[in-house]
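S.K.: To start, I am sharing the structure in question, which I have written as structure tokens.
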Ligand SMILES: [Zn+2]
């Protein structure tokens, strides 16, 4: 009868035995040997298993970035900014050193920041290195952590979305927005560059991105030449409200431009 065979099963599995295994790469290790239905099952080298697991995680991370890259239709960080590092930022004055410190902390504390979706506003005069630092944050996160980070100017996003309205476009507006909501961090540069009031299209797009990220509790870094007072009219009040959630960090860049001072 079938049930008798099932009841007889436990006796077919003797207690596991402890032994010492030998790995060609890592030497001796404690090994458990199980005999199951006359077959011998030995546990493997724990160090080899740890390495295999790490490699698998690494592969998954690369896979995730490739998929995000495909969704964005371009590199997460444009080539021009891919070499920017925090180390490469020349900080001489007290204010510059403070800006660098805040950016470094933002990278170091990113696990906590990404949990609360805490945004960073880099506001102030042109030529003070905001773009350098913003791109550097994205680069360092990509290099040092499993987080994904993208850098985009608002202008390039609007351009990409307008291109989807053309007949025969392969991508839809929703796909572009979704790809900008996906990364662990989005650095959004050149907010409010045009002196005119923003168009409805501009405000709607901005809100779709910022609100999408807000709903997923994903932080955004905003870079603008405007100050805190002028920002709401360039982004829309609703947008700025979303950024404030989770305790926004405002970093002012109010020293004189460094452009052209370094010579050629
Ligand atoms: Zn091994």
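S.K.: Sort the chain into rounded, prolate or oblate with this rule: let a ≥ b ≥ c be the square roots of the eigenvalues of the Cα gyration tensor; rounded if a/c is under 1.5, and if a/c is not under 1.5, prolate when a/b is larger than b/c, oblate otherwise.
M.R.: Note, shape of the chain comes out prolate.
S.K.: Grab the beta carbon distance between residue 196 and residue 63, set R0 = 45 Å, and tell me the FRET efficiency rounded to 0.05.
M.R.: Numbers: r = 43 Å, r/R0 = 0.95.
Between residue 196 and residue 63 the formula returns 0.55.
S.K.: Could you work out the relative contact order of the chain, using alpha carbon pairs under 8 angstrom and six or more residues apart, expressed as a whole percent?
M.R.: 22 percent
S.K.: To continue, here is another question. Please determine, in degrees from 0 to 90 and to the nearest 10, the orientation of helix 130-144 with respect to the longest principal axis defined by the Cα atoms of the chain, where the helix direction is its Cα long axis.
M.R.: 0 degrees
S.K.: Considering only DSSP beta bridges with both partners in the chain, what is the antiparallel share in %, to the nearest 5?
M.R.: Antiparallel: roughly 40 percent of the beta bridges in the chain.
S.K.: I've got another one for you. Determine the calculated [θ] at 222 nm for the chain from helices alone, applying -39500 (n - 2.57) to every DSSP H run no shorter than 4 residues and normalising by the residue count; nearest 500 deg cm²/dmol.
M.R.: The per-residue figure over the chain is -14000 deg cm²/dmol.
S.K.: Could you tell me the relative contact order of the stretch 25-75? Use alpha-carbon pairs under 8 Å, at least six residues apart, and round to a whole percent.
M.R.: Here the relative contact order equals 23 percent.
S.K.: If you build a Gaussian network model of the chain, linking Cα atoms that sit under 10 Å apart, which residue out of 55, 95, 47 swings the most?
M.R.: Judging by the Gaussian network model, the answer is 47.
S.K.: Here's another thing I want to ask about it. First check a/c for the stretch 72-121, with a ≥ b ≥ c the square roots of the eigenvalues of its C-alpha gyration tensor; if it is under 1.5, answer rounded, and if not, answer prolate when a/b is larger than b/c or oblate otherwise.
M.R.: Here the stretch 72-121 falls in the oblate category.
S.K.: Something else now. Helix 200-215 versus the longest principal axis of the chain: what angle, 0 to 90°, nearest 10, using Cα atoms?
M.R.: So the inclination is approximately 30 degrees.
S.K.: Taking springs between alpha-carbon atoms closer than 10 angstrom, which of 193, 40, 240 fluctuates most in the Gaussian network model of the chain?
M.R.: 40
S.K.: Pick from 56, 237, 245 the residue whose mean-square fluctuation is largest in a GNM of the chain, springs joining Cα atoms under 10 Å.
M.R.: In this elastic network of the chain, the residue with the biggest mean-square fluctuation among 56, 237, 245 is 56.
S.K.: Using only Cα atoms, tell me the angle between helix 46-72 and the longest principal axis of the chain; keep it within 0 to 90° and round to the nearest 10.
M.R.: That works out to roughly 40 degrees.
Read-outs throughout are calculated quantities, based only on the coordinates presented, and are distinct from any laboratory measurement. Predicted model only: the values in this text are computed from it and were never measured. Quick reminder, even Gly has a Cβ in these numbers, built from the backbone with ideal geometry, and neighbours come from all protein chains shown.
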